[in-house]
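Inspection log for the structure reproduced underneath, given as structure tokens.
Every number in this text was worked out from the coordinates using simple rules, so none of it is lab data. Here the structure is a predicted model, which is why all the values come from computation and not from measurement. Heads up, the Cβs are rebuilt from the backbone with ideal geometry, glycines too, and the neighbour counts pull from every protein chain shown.
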Amino acid sequence: MAGLKVRDVMSTDIRGINEDASLLAAAKVMVDQRVNSLVVWPKERDEPFGIVTSSDIVDAIGGRRDLEETCVSDMESTPLVVVTPGVPVPSAARMMSRLGLRHLAVFNGKTLVGIVSNLDLLRAATGGVRPGGEEVTTVL
């Protein structure tokens, strides 16, 4: 893991959703796209402001919220916690641990270029590569 930067492990296939979408719509996008988080885009701004995760949706279910009636904006984490692509992976991991986060937004200047998750960091720590790269050996 020595020498790895956030750019080496982040996902650049960023999925997003509008803040006024329902949590049910967000859950469907996550399942269909096989992702655990969506960047939240406010209607009146052209830059992302928050993130909604599968954990947020599970919390809503546990709190007996109606997923069709609850908006993403009611459960999203704001503001986005941001790193740059050149941040060393161990520094990103320490930041996530210290702040209790599972995802960091990766910005190059004012442009969102990726998302790095705790799973990305686990892959890096274990020598795995994200899907689309070389195969990761599974031990059963």
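Over the residues of the chain, the helix contribution to mean residue ellipticity at 222 nm works out to -9000 deg cm²/dmol, using -39500 (n - 2.57) for each DSSP H run of at least 4.
If you take the Cα centroid of the stretch 8-30 and the Cα centroid of the stretch 61-121, the two points sit 11 Å apart. Between LEU99 and VAL82, full extension at 0.36 nm per residue minus the direct alpha carbon distance yields a gain of 4.9 nm.
Qualifying GluC sites (Glu not before Pro) in the stretch 53-121, where qualification requires a DSSP coil assignment and no more than 16 other C-beta atoms within 10 Å, comprise GLU68, GLU69. Among ILE14, ILE57, sorting on how many other beta-carbon atoms sit within 10 Å of each Cβ, with the fewest leading, yields ILE14, ILE57.
Remark: the ASN108-LEU67 segment gains 11.4 nm on full extension, using 0.36 nm per residue and subtracting the alpha carbon distance.
Considering only beta bridges that DSSP places wholly inside the stretch 6-126, some 70 percent are antiparallel.
Scanning the chain for trypsin sites (Lys or Arg not before Pro) lying in DSSP loops with no more than 11 further Cβ atoms inside 10 Å, the longest uninterrupted stretch between such sites is 65-109. Leaving out same-chain residues fewer than 8 places away, which lysines sit with a Cα under 23 Å from that of LYS28? Straight-line reach from LYS28, under 23 Å: LYS43. When +1 charges are put on Lys and Arg Cβ atoms and -1 charges on Asp and Glu Cβ atoms, the dipole computed for the stretch 6-126 relative to its Cα centre reaches about 560 debye.
Rounded to the nearest whole Hz, the Karplus-based 3J(HN,Hα) values (6.51 cos²θ - 1.76 cosθ + 1.60, θ = phi - 60°) of the stretch 31-38 follow the sequence 5, 4, 9, 6, 10, 10, 8, 9, with x at glycine and proline. For the stretch 6-126, the relative contact order works out to 30 percent when only alpha carbon pairs closer than 8 Å and six or more residues apart are counted.
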